[in-house]
1. How many residues are outside any helix (DSSP H, G or I) and closer than 25 Å to F459 by Cα when one looks only at region 358-397?
2. When you check G322 against the structure, is it small (G, A, S), within 21 Å of L432 (Cα to Cα), assigned to a helix (DSSP H, G or I) and without any contact (Cβ under 8 Å) to a residue 60 or more places away in the chain, yes or no?
3. Give K423, K409 a once-over and let me know the one that is touching a residue at least 60 places away in the same chain (Cβ under 8 Å) and not in a helix (DSSP H, G or I).
4. Could you give me the residue pairs with C-beta distances under 7 Å whose first residue belongs to region 226-238 and is not assigned by TED's automatic domain parsing to the domain that holds Y176 and surrounded by 13 or more Cβ atoms within 10 Å (Cβ to Cβ), whose second residue is of a type in the set (S, T, Y) and modelled with pLDDT of 70 or more wherever it lies, and which are 6+ apart or on separate chains?
5. I'd like to know if region 141-163 contains one or more residues that are more than 22 Å from the chain's Cα centre (by Cα) and buried (at least 24 other Cβ atoms within 10 Å of the Cβ).
6. A313 is checked against (1) surrounded by 20 or more Cβ atoms within 10 Å (Cβ to Cβ); (2) closer than 20 Å to G419 by Cβ; (3) at pLDDT below 95 and fails just one. What number does that condition carry?
7. When N445 is evaluated against the numbered criteria (1) more than 23 Å from the chain's Cα centre (by Cα); (2) part of a loop (DSSP other than H, G, I, E, B); (3) buried (at least 22 other Cβ atoms within 10 Å of the Cβ), which criterion, by number, is the only one it fails?
8. Quick one: in region 380-431, which of the residues that are of a type in the set (S, T, Y) and crowded, with 18+ Cβ neighbours inside 10 Å is nearest to H347 (Cα to Cα)?
Amino acid sequence: TIAYDQAETDIRRLKARNSVEPVFYTIKKGRVIIRKGDEATAETIKQIIFINQKIGQQKSWLINFFGLFILYLIIFFLIWEFFHKSSLRENKFALFNMTGFSLLLSFVVYKASLFIAESLSTSLSLISLEKEALVLGFPFQIGTFLFAVGTSMEFSLPFCLLNSLLAAYLMGNDYYLLLYTLLGGIAVIYGMKYYFTHTRSAILKAGLTFLAPFQVILVIIFQLIREDFGNFSFLGTAIFSSITGALLSAAIAFVLMPVYESIFGILTPSKLHEITNSDLPIFKRLAIEAPGTYHHSLIVATLAEKAAEEIKADPILVKAGGFYHDIGKLKRPEYFSENQSSGFNVHQELTPSLSTLVIINHVKDGIEMARSLKLPKRIIDIIAQHHGTTVVRYFFQKAKEKYNPELHKIEAEDFRYPGPTPKSKEAGLILLADSVEAAARSLKNINREKLKRLITEIFNSHLQDGQLDDCGFSLKELRVVANSFLTTMDAIYHPRPSYPGFDFEKTPENKEGARKNNGSNPKQTEEKSGPDRKN
């Protein structure tokens, strides 16, 4: 009997189909198929039909490009809105340009890597070099490293998402690659946060200790999900590729970091560490030509840096801002009280309005000096904002005392700094520290209670005047800052025990009299000194 075996039939059909060699029909570019007026043969008709079929099967690159253009236009619009509404500190234009440039750079790198991977997977057969495994070795996290170093986490995460979408699209809409790139980017961001140091080597450390191990774990997890754990050849290539990709990303980002700092003006911890070096000529000038301002700047930087740590602001930026905020006083150091010799005050020869103009101009002079020094924009912003639109109260009060209010109208607005008010927590901290430190110099017999009262009054004054409206401070943060200032200033200005055997309060005449009276009867001394006084 004959029985029909469907399974065996399907197997033999499949074998027969696979045994047929593919037939390639080649038409060279530029070849003429048929000319106008020629007779159409069966062969030319066949070629024309074949070409039309191929054209119909091809996707229109123009339609594809237009669709992508619209999609990325929407994405960039949303990014712009996000930067515009969320950024109190960073320059949104620089961030937007940095996002676009980084995505373009990533696109070029991914395309080049894809070409290399395809060449290796087809040309080398000695080891297992599957294209899918080699793709994991692409440096997917270059841009994420650069964003994580140069910006905050809230700006790094959106780029990380865009980067993963771009990578998945270029690699054939691979869902696993989307997750691989997205989760790897998050690992980079947390790694950079963990290694937030003053050196660029943090990039290499995060790549080696965070990204590489995490990507290996992801490879193993994906293999388990696919139930393909037995393919050890593929797994080995994938693990090696994932480690290579992590190290390549970190190495390329490390090299590109100075370029990004220069082009986009991003401020990294290493850059801040570089510009706060006390051996820089600007600080040597400040110490020699304006020693009072130099000492004041050091205390302001100390106060603000400690407070920044406690409210989770940027302490390194605040320290740099404290060092540079008064460099404009170098132009006319003798006009500022901390640099004046005792017994001489140049403002005695000036009107209050002219004195005010000289004092206010130190901000403009500081901005010009900062630009000549090529300081980062965020430092220049702190210099411009460190007085806000406050009133120069001393000369305002002096003007009211000097002039008859019926003859001269004295307005507080004429004695205000031009501003703007501080636009970041870091700039706000410098404004508060500057005001508190300057006011503390006027106190006599300083103690903790006096300092506490001074800090409270300064803070309340700036709040009521609207100087802190644009900083983003919460009331809780202001309380933390006030307590931090009090602790630091109490440590700086606390009274010390008197030196045994010395009385520094006595005048030289008193000291001479005390020396003569030492061990003698005062009456006898007076009698003995009587004839001498007559002489």
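The values are calculated or read from the model by the stated rules, or taken from the named source; none is laboratory data. The model shown is predicted, which means the values in this text are computed figures rather than measured ones. Cβ placement follows ideal geometry from the backbone for every residue including glycine, while neighbour counts extend to all protein chains displayed.
1. Initial filter on region 358-397 (outside any helix (DSSP H, G or I)): 373-376, 386-392.
Next cut, closer than 25 Å to F459 by Cα only: 386-392.
Qualifying residue count for the region: 7.
2. On the way: small (G, A, S): yes; within 21 Å of L432 (Cα to Cα): yes; assigned to a helix (DSSP H, G or I): yes; without any contact (Cβ under 8 Å) to a residue 60 or more places away in the chain: no.
No: the conditions fail for G322.
3. Testing whether each residue is touching a residue at least 60 places away in the same chain (Cβ under 8 Å) and not in a helix (DSSP H, G or I) leaves just K423.
4. none
5. So far as region 141-163 goes, no, none of its residues is more than 22 Å from the chain's Cα centre (by Cα) and buried (at least 24 other Cβ atoms within 10 Å of the Cβ).
6. Condition (2) is where A313 drops out.
7. Condition (3) is where N445 drops out.
8. Y417
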